[in-house]
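Have a look at the structure below, then the notes.
The values are calculated or read from the model by the stated rules, or taken from the named source; none is laboratory data. Since this is a predicted model, take the numbers as computed values, not measurements. FYI the Cβ positions are ideal-geometry reconstructions off the backbone, even for glycines, and counts take in every protein chain you see.
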């Protein structure tokens with residue numbers, strides 16, 4: 001966007017400069033004198049320098065714009081080759097919204113999504129399927145405060161650090177080709193009746209767990225109740 005804005009500004013300035021300057025120069029020429037000399041200009045040598053200066057200036061500006069456009073294309077090409085940490089090729093995503101209040105408990109919600117995953121998995125050519133509350137690179141779908149067990153206590157919950165959370169199904173990391181640096185990915189055994197687990201990214205560790213082993217830490221957040229806008233106990 002900054003490069004596009006600068007380019008438009010330069011084009012506008014060039015149009016005004018190289019459009020108004022010749023018009024201003026032509027307005028100073030006496031038509032009668034020009035007709036007397038058979039259409040030949042009677043301007044002095046000094047006045048004839050203006051067209052030459054305009055040509056040099058226009059050529060310089062065009063050269064600058066051409067160089068800027070080349071750099072912009074080169075930068076865009078480099079951005080397309082940046083490793084985003086997720087696989088984007090041969091991936092099909094779609095949004096599956098549910099009416100508010102359709103599911104009141106996880107016992108009602110989980111079988112439905114398991115059926116959806118099974119149906120998609122049965123499509124020929126599909127290798128892996130998963131669900132997530134928000135697509136990668138689009139930001140987290142939920143954000144709430146949390147605290148680290150054994151860390152600072154907050155008498156006011158609004159003072160807790162805020163971070164984003166995503167709810168994913170097993171095979172999510174495999175489906176999007178996301179590498180797990182430490183620990184393990186989620187599995188079908190990670191249910192509400194078992195030990196609660198969470199995966200964090202490197203930015204979370206750098207910001208909230210500096211100098212700590214993330215595999216040895218526990219965090220406390222409010223319970224997300226499916227089908228309800230309210231949060232459960234912390």
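May I ask you to list pairs of residues, at least six apart or on different chains, whose Cβ atoms are under 8 Å apart, with the first in region 147-162 being outside any loop (DSSP other than H, G, I, E, B) and the second being exposed (fewer than 10 other Cβ atoms within 10 Å of the Cβ)?
Between residues of region 147-162 that are outside any loop (DSSP other than H, G, I, E, B) and residues that are exposed (fewer than 10 other Cβ atoms within 10 Å of the Cβ), the close pairs are 147/153.
Each row is one residue, and each column tells you yes or no for (1) at pLDDT 70 or above; (2) assigned to a helix (DSSP H, G or I); (3) more than 30 Å from residue 179 (Cα to Cα); (4) not assigned by TED's automatic domain parsing to the domain that holds residue 202.
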residue: 17; (1), (2), (3), (4): no, yes, yes, yes
residue: 43; (1), (2), (3), (4): no, no, yes, yes
residue: 54; (1), (2), (3), (4): no, yes, yes, yes
residue: 61; (1), (2), (3), (4): yes, yes, yes, yes
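What residue, among those in region 75-99 that are surrounded by 10 or more Cβ atoms within 10 Å (Cβ to Cβ) and over 21 Å from residue 168 (Cβ atoms), is modelled with the highest pLDDT?
Restricting to residues being surrounded by 10 or more Cβ atoms within 10 Å (Cβ to Cβ) and over 21 Å from residue 168 (Cβ atoms), the top hit is 75.
Quick check on residue 99: is it out of contact with any strand residue (DSSP E or B) (no Cβ under 6 Å at 6 or more places or on another chain) and farther than 29 Å from residue 181 by Cα?
Here the answer is yes, as residue 99 does meet what is asked.
Given (1) under 29 Å from the mean Cα position of the chain (by Cα); (2) in contact (Cβ under 8 Å) with a residue 40 or more places away in the chain; (3) part of a loop (DSSP other than H, G, I, E, B), identify the lone condition not met by residue 192.
Unmet for residue 192, out of (1) under 29 Å from the mean Cα position of the chain (by Cα); (2) in contact (Cβ under 8 Å) with a residue 40 or more places away in the chain; (3) part of a loop (DSSP other than H, G, I, E, B): (1).
Does at least one position in region 102-121 carry a residue that is in a loop (DSSP other than H, G, I, E, B), closer than 24 Å to residue 179 by Cα and touching a helix residue (DSSP H, G or I) at 6+ places or on another chain (Cβ under 7 Å)?
No, region 102-121 contains no residue that is in a loop (DSSP other than H, G, I, E, B), closer than 24 Å to residue 179 by Cα and touching a helix residue (DSSP H, G or I) at 6+ places or on another chain (Cβ under 7 Å).
For region 170-185, name all the residues that are surrounded by 15 or more Cβ atoms within 10 Å (Cβ to Cβ) and touching a helix residue (DSSP H, G or I) at 6+ places or on another chain (Cβ under 7 Å).
If the condition is that a residue be surrounded by 15 or more Cβ atoms within 10 Å (Cβ to Cβ) and touching a helix residue (DSSP H, G or I) at 6+ places or on another chain (Cβ under 7 Å), then 185 is the only one that fits.
Residue-by-condition table, conditions (1) modelled with pLDDT of 90 or more; (2) more than 17 Å from residue 221 (Cα to Cα):
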site: 125; (1), (2): yes, yes
site: 157; (1), (2): no, no
site: 161; (1), (2): no, no
site: 172; (1), (2): yes, yes
site: 175; (1), (2): yes, yes
site: 179; (1), (2): no, yes
site: 188; (1), (2): no, yes
site: 196; (1), (2): no, no
